[in-house]
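Okay, structure first, notes after.
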Amino acid sequence: MRFGRAEPPGAKGCPVRFLEKHVEPSGLLKGYLRATWDALVIFGYHPGADSELFANTLKAIEHSFNPEAWDGSVVAWLLRALRDSGLGADHQLVSRSLDVLEARQLSDGSWGSEDGEEYSVWATVDALRVLRDFRRI
């Protein structure tokens, strides 16, 4: 996809076409919210960041933004997807998400994980990577 092919060599069909067929009227993909976040990255490659599909998916993600219900690991996941889709720290959703992630840091310096305390190390590393990538640290 990075080199202009919508289908990997040997593919039996175009994965993007499959995803397009599973976009709901809201603009989100059916099922898991984070599938939409990850699909934004794919749509940035094909059909491209200037496509209607990319723009509509980004708009749906912005509309579903609900950080009050998310801990640090979830916000970091969203930020990874936004970063990988090519959005910079100056994009309003990225900026808002970075602010939320910084606010979610716990008093011991860690970030919480939706999977429980035993995953807080992973969540903290992930948060630090994203903050570094967007030059917040």
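Every residue, every condition in (1) hydrophobic (A, V, I, L, M, F, W, C); (2) part of a helix (DSSP H, G or I), yes or no:
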position	(1), (2)
Leu82	yes, yes
Glu102	no, yes
Leu106	yes, no
Ala123	yes, yes
Asp126	no, yes
Ile137	yes, no
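Enumerate the pairs (first residue in region 121-137 and more than 15 Å from Gly109 (Cα to Cα); second residue anywhere and surrounded by fewer than 14 Cβ atoms within 10 Å (Cβ to Cβ) and not aliphatic (A, V, I, L, M)) with beta-carbon separation below 8 Å, excluding pairs fewer than 6 apart on the same chain, so at least 6 apart or on different chains.
Cβ pairs passing all conditions: Phe134/Gly88.
Determine which member of the set Trp37, Trp77 is aromatic (Phe, Trp, Tyr) and not assigned by TED's automatic domain parsing to the domain that holds Phe18.
Trp77
The values are calculated or read from the model by the stated rules, or taken from the named source; none is laboratory data. Keep in mind that what you see is a predicted model, and the values were worked out from it rather than measured. A quick note on method: Cβ atoms are made from the backbone with ideal geometry, for glycine too, and the neighbour counts reach across all protein chains shown.
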